[in-house]
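Peer 1: Dumping the structure here so I can ask a few things about it.
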Amino acid sequence: MSRRGGGSASVVALPDGPDEAERFDDPDWLAVLEAFQGAGSVLPDAYAPLFGPLLETRSDLTVVGQLGQSLDGRIATVTGHSKYINGPDCLAHLHRLRAVCDAVVVGVGTAICDRPRLTVRLVAGRNPARVVIDPRGRLEDWESLNTEDGARCLLLTGADAPGAAPDGVEVHRLGMSGGNVDPHAIRAFLSAQGFRRVLLEGGAQTISRFIDARALDRLHLLISPVLLGSGPAGLQLPAIATVDEAIRPPTVTHCLGSELLVDCDLSGI
């Protein structure tokens, strides 16, 4: 693995998650949406440290991943229970990410286990396109994803997979690598579709594959002040022999209420 020096240069406090009355009329957040839609040029100070790097894209496509975990790096208990490791402020941030991205992507495991809607509900913003990576055509229940809200719904699968999907779901067959849809093929496809900012929402294995393939530009690691002690770990990358081989991305740490968000710049690894 290539190495990159870095470290946590600062700790920045971000706004708390919105209460019921503030969900859709926060003027600072509305200014963020205008900036991402090209109608504004300056981000409010409260949001600039975290959303500025996403606004200032350096290529035709920026892919940002998000992963929530405990202090000891766990994403669920030994029984698979994970709702909710992270609190309301982190959930609000997730919905903000959805609102500023053109598409949100999940692996089939997350789609089956969590049945996410992948819509914007906790803050103002439009719903992004919804994309499921399903190399072998495992997903059968599309009810939570295939909603009639005008947003595209896409299935990315392998050439030999069944690829059955209900009406309204686009099926696209991409190149495979190691038994999974190739991350770089996914990037190329999403870019060709006109998407410029993509949120890779999970799960941990999918995010790990993108990092290993050098196909993820940024990672928002959401850390909750809780110790699970056991259960599946978050990121899982190929083993290294020495610490010198570790990935060391530049990072900035943000406070989200009682939780931490570590913004990792992976674009140069």
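Read-outs throughout are calculated quantities, based only on the coordinates presented, and are distinct from any laboratory measurement. Everything quoted here is computed from the prediction, not taken from an experiment. All Cβ positions, glycine included, derive from the backbone under ideal geometry; neighbour counts span all protein chains shown.
Peer 1: Take the alpha-carbon positions of the chain, form their convex hull, and give its projected area averaged over all directions (one quarter of the hull surface) in nm².
Peer 2: Over every viewing direction, the Cα hull of the chain projects on average to 14.4 nm².
Peer 1: Report, for the chain, the % of DSSP beta bridges that are antiparallel, rounded to 5.
Peer 2: Roughly 30 percent of the beta bridges in the chain run antiparallel, per DSSP.
Peer 1: If you place +1 on the Cβ of every Lys and Arg, -1 on the Cβ of every Asp and Glu, and leave all else neutral, what size is the dipole of the stretch 45-104 about its Cα centre, to the nearest 20 Debye?
Peer 2: Once rounded to the nearest 20, the dipole reads 240 debye.
Peer 1: How much length is gained if the chain between ARG138 and ARG196 is pulled fully straight, taking 0.36 nm per residue apart and subtracting their Cα-Cα distance, in nm to one decimal?
Peer 2: Working it through step by step, the gained length comes to 18.1 nm.
Peer 1: Rounded to the nearest 500 deg cm²/dmol, what is the calculated helix-only ellipticity per residue at 222 nm for the chain, with -39500 (n - 2.57) per DSSP H run of length n ≥ 4?
Peer 2: Calculated from helices alone, the mean residue ellipticity at 222 nm is -6000 deg cm²/dmol.
Peer 1: Also: Have a look at ALA35, SER191, CYS264 and report the one farthest towards the positive end of the charge dipole of the stretch 8-265, computed about the Cα centre with Cβ charges (Lys/Arg +1, Asp/Glu -1).
Peer 2: SER191
Peer 1: Per 0.36 nm of contour for each residue apart, how much would the distance between LEU227 and ARG173 grow if the chain were fully extended, relative to their Cα-Cα spacing?
Peer 2: 15.4 nm
Peer 1: Starting at 0 and stepping by 10 Å, how many percent of the alpha carbon pairs of the stretch 156-217 end up in each bin?
Peer 2: With 10 Å bins starting at 0, P(r) equals 20, 51, 28, 1.
Peer 1: Then there's this: Measure off 7 Å from each Cα along the Cα-to-Cβ vector at TYR84 and ASP45, then give the distance between these two points in nanometres to one decimal.
Peer 2: In this crude label model, TYR84 to ASP45 measures out at 2.9 nm.
Peer 1: Under a Cβ-only charge scheme (Lys and Arg +1, Asp and Glu -1), can you give me the dipole magnitude of the stretch 144-217 about the Cα centre, in debye to the nearest 20?
Peer 2: Here the size comes out at about 320 debye.
Peer 1: Pull up all non-local amide H partners of LEU154: gap of 5 or more, or a different chain, and H-to-H distance under 5 Å with H placed in the peptide plane.
Peer 2: Residues meeting the amide H criterion: ARG130, VAL131, VAL132, GLU170.
Peer 1: For the stretch 8-265, with only Lys/Arg (+1) and Asp/Glu (-1) charged at the beta-carbon, what is the dipole magnitude about the Cα centre, in debye rounded to 20?
Peer 2: Its charge dipole is roughly 620 debye.
Peer 1: Between HIS95, ALA48, ALA165, whose Cα lies farthest towards the positive end of the dipole of the chain when Lys and Arg beta carbons carry +1 and Asp and Glu beta carbons carry -1, centred on the Cα centre?
Peer 2: Going by the charge dipole, the pick is ALA165.
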